[in-house]
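S.K.: Below is the structure I would like to discuss, written out as structure tokens.
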Amino acid sequence: MDKVRVRFAPSPTGYLHIGGARTALYNYLFARHLNGTLVLRIEDTDHVRSTDESTKAIFESLNWLGITHDEGPYYQSERRDLYKQYAQKLLDEGKAVYQDDPAKGRAVVFKMPEGKSIRMDDLIHGVIKFESKFVGDIVLIKSDGFPTYNFACVIDDSEMGITHVIRGDDHISNTPKQIALYEALGKPVPKFAHIPLIMGEDGSRLSKRHGHTSVGEYKDLGYLPEAVFNFLSLLGWSPGDDTEIMTKDEIIKRFTIERVKDKSAQFNLKKLTWMNSHYIKHKPAEDLFGLAEPYLTKAGYDLSRFPKEKLVRLVDLYRERIKVVSEIAGITRFFFEDAVNYQPEAVDKFIKTTEGKAVLGAVQDELAKITKLEHEPLENLLRSIAESKGLKFQGVAQPLRVALTGSSVSPPIFETMELIGLEKVKGRIKEAIALK
Ligand code: GLU
């Protein structure tokens, strides 16, 4: 088989949405699996709605996801002469006509041959037939001189040697028009694969109502590109078994159009978030810190006060407790800010009790005797306090956690204490004992 050539052809009229990203991804996976070529084409012929800002945002999102192209970007707005030439050819052959509108001007319209049956053999949906009389004539060049989507798309797919058109189901109704144009131009018709749309959890088409729909929003929330990549790959495709977590290379290796489902996929935020925690857990500590840093800075924390290795350790300790990286800022607040943000329920439950205060008092007395926080002596010290009070270890650890971090959820208490440092630990215990 000749090398496959596919394209991703976004219209730059907004951000890259989950649906568009999945289309881009499936084209990418198809091309990489078969060692083919992915062309990037910007369909900016709607000059009113197309913006450079959208184009930039689309590039950024593709880049973030690691969806690389091999050719392009081509811009349809720069190829208008070509579309005009082809329109002229169809006019000359009598297959298209001018249509004058006194208000708008002159357009070029393709006359759909009558009584024809147009057959589309879709790689996902099988054969679909359309009667030409229901397809109707097709505007090729609008009165503003710009080509329509259907025309520019056919010219470009043909000129760019596209062998497979992989795109969303919402374009199925355009396909008979495009096939009719290929035939009129005497060009080979590419293969089509229409991917079923993505639905929200309520079964209706995924939209803003369902929450975040653009790739950029997920990036900003602290989703990792590998999680979104992995998640999107499974949104309509299956590797044939139950495998869910897969590396990019593994997905490329296993991806085939035959395994793209012909039923719509459901966007499941819980699953995406679960995958994200997985990738957070497995990220090297330094890299995870790199991802966390912007959120910490944005929260107003002065990172320059701490040695980097300490910050890396802090983030590392908390990786198990965050599902998206943006959560790192709130959960590490105790470390950066001098004033502890006590959670009232945690204080009531673990500190304001006779037992809580007694435990903290005992810890305070013991800490007064030491000059350094070291894991082992510290552990012995806390365990012996628990023993002397007839408590389980948690009976000591919980009041201490709340006193030090304000919350009853924190990573192992020893690491937390070491991170905070002895002097601050003492100060916070004193403050907690004084809570009324
Ligand atoms: N510009 C079209 C879109 O964004 C491309 C459709 C196609 O892939 O043919 O929907």
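The values are calculated or read from the model by the stated rules, or taken from the named source; none is laboratory data. All of these numbers come straight from a predicted model, not from anything done at the bench. Cβ sites come from the backbone with ideal geometry, for glycine too, and all protein chains shown count toward neighbours. Protein only, heavy atoms only, side chains kept; ligands, DNA and RNA dropped before computing areas. Shrake-Rupley method; radii C 1.70, N 1.55, O 1.52, S 1.80 Å.
S.K.: Within region 172-205, work out how many residues are under 23 Å from the mean Cα position of the chain (by Cα) and without any contact (Cβ under 8 Å) to a residue 12 or more places away in the chain.
M.R.: Of the residues in region 172-205, 3 are under 23 Å from the mean Cα position of the chain (by Cα) and without any contact (Cβ under 8 Å) to a residue 12 or more places away in the chain.
S.K.: Just one of Glu355, Glu415 is surrounded by fewer than 21 Cβ atoms within 10 Å (Cβ to Cβ) and out of contact with any helix residue (DSSP H, G or I) (no Cβ under 6 Å at 6 or more places or on another chain); which is it?
M.R.: None of the other options fit; the residue is Glu355.
S.K.: Could you count how many residues in region 265-305 are touching a residue at least 24 places away in the same chain (Cβ under 8 Å), in a loop (DSSP other than H, G, I, E, B) and out of contact with any helix residue (DSSP H, G or I) (no Cβ under 6 Å at 6 or more places or on another chain)?
M.R.: Counting residues in region 265-305 that are touching a residue at least 24 places away in the same chain (Cβ under 8 Å), in a loop (DSSP other than H, G, I, E, B) and out of contact with any helix residue (DSSP H, G or I) (no Cβ under 6 Å at 6 or more places or on another chain) gives 4.
S.K.: Suppose we keep only residues that are modelled with pLDDT under 95 and under 29 Å from Ile128 (Cα atoms) within region 200-239. Which one would you say is most open to solvent (accessible area, probe 1.4 Å)? Steps first, please.
M.R.: Initial filter on region 200-239 (modelled with pLDDT under 95): 200-213.
Now restrict to residues that are under 29 Å from Ile128 (Cα atoms): 200-207.
Values: Gly200: 1, Glu201: 112, Asp202: 97, Gly203: 44, Ser204: 35, Arg205: 132, Leu206: 36, Ser207: 37 Å².
Here the residue is Arg205.
S.K.: A further question on this structure: For region 56-71, which positions are over 18 Å from Gly19 (Cβ atoms) and in contact (Cβ under 8 Å) with a residue 40 or more places away in the chain?
M.R.: Looking only at region 56-71, we keep the residues that are over 18 Å from Gly19 (Cβ atoms), and these are 56, 63, 66, 68-71.
Result: Gly66, Thr68, His69, Glu71.
S.K.: Going through Leu38, Leu25, Leu16 one at a time, which residue ends up being over 28 Å from Phe110 (Cβ atoms), touching a His at 6+ places or on another chain (Cβ under 8 Å) and either touching a residue at least 60 places away in the same chain (Cβ under 8 Å) or hydrophobic (A, V, I, L, M, F, W, C) (or both)?
M.R.: Leu38
S.K.: Return the residues of region 6-46 that are away from the ligand (no atom under 12 Å from the Cβ), out of contact with any helix residue (DSSP H, G or I) (no Cβ under 8 Å at 6 or more places or on another chain) and either modelled with pLDDT under 95 or not in a helix (DSSP H, G or I) (or both); say none if nothing qualifies.
M.R.: Residues satisfying the conditions are Leu34, Asn35.
S.K.: Here is a follow-up. Residues in region 169-190 that are within 14 Å of the ligand (Cβ to nearest atom) and aliphatic (A, V, I, L, M): how many?
M.R.: 4
Every residue, every condition in (1) out of contact with any helix residue (DSSP H, G or I) (no Cβ under 9 Å at 6 or more places or on another chain); (2) in a helix (DSSP H, G or I), yes or no:
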site: Glu217; (1), (2): yes, yes
site: Val228; (1), (2): no, yes
site: Phe231; (1), (2): no, yes
site: Gly240; (1), (2): no, no
site: Thr243; (1), (2): no, no
site: Ile251; (1), (2): no, yes
site: Lys263; (1), (2): yes, no
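S.K.: Let me ask something else. Look at Leu82 and say whether it is part of a helix (DSSP H, G or I), in contact (Cβ under 8 Å) with a residue 40 or more places away in the chain, among the hydrophobic types (A, V, I, L, M, F, W, C) and surrounded by fewer than 18 Cβ atoms within 10 Å (Cβ to Cβ).
M.R.: In short, yes.
S.K.: Can you tell me which residues in region 85-103 are open to solvent by 80 Å² or more (accessible area, probe 1.4 Å) and closer than 28 Å to Asn27 by Cβ?
M.R.: Of everything in region 85-103, just one residue is open to solvent by 80 Å² or more (accessible area, probe 1.4 Å) and closer than 28 Å to Asn27 by Cβ, namely Gln85.
S.K.: To continue, here is another question. Please specify each residue of region 307-323 satisfying the condition of being in a loop (DSSP other than H, G, I, E, B), open to solvent by less than 80 Å² (accessible area, probe 1.4 Å) and in contact (Cβ under 8 Å) with a residue 12 or more places away in the chain.
M.R.: Here is the first cut: in region 307-323, the ones in a loop (DSSP other than H, G, I, E, B) are 307, 322-323.
Then drop every residue that is not open to solvent by less than 80 Å² (accessible area, probe 1.4 Å), which leaves 307, 322.
Within region 307-323, Ile322 is the sole residue that qualifies.
S.K.: Next question. From (1) open to solvent by 30 Å² or more (accessible area, probe 1.4 Å); (2) within 28 Å of Ile166 (Cβ to Cβ), pick out the condition that doesn't hold for Ser61.
M.R.: For Ser61, the failing item is (1).
S.K.: Would you pick out the residues in region 153-168 that are part of a helix (DSSP H, G or I), within 11 Å of the ligand (Cβ to nearest atom) and farther than 13 Å from Phe110 by Cβ?
M.R.: Cys153, Asp156, Asp157
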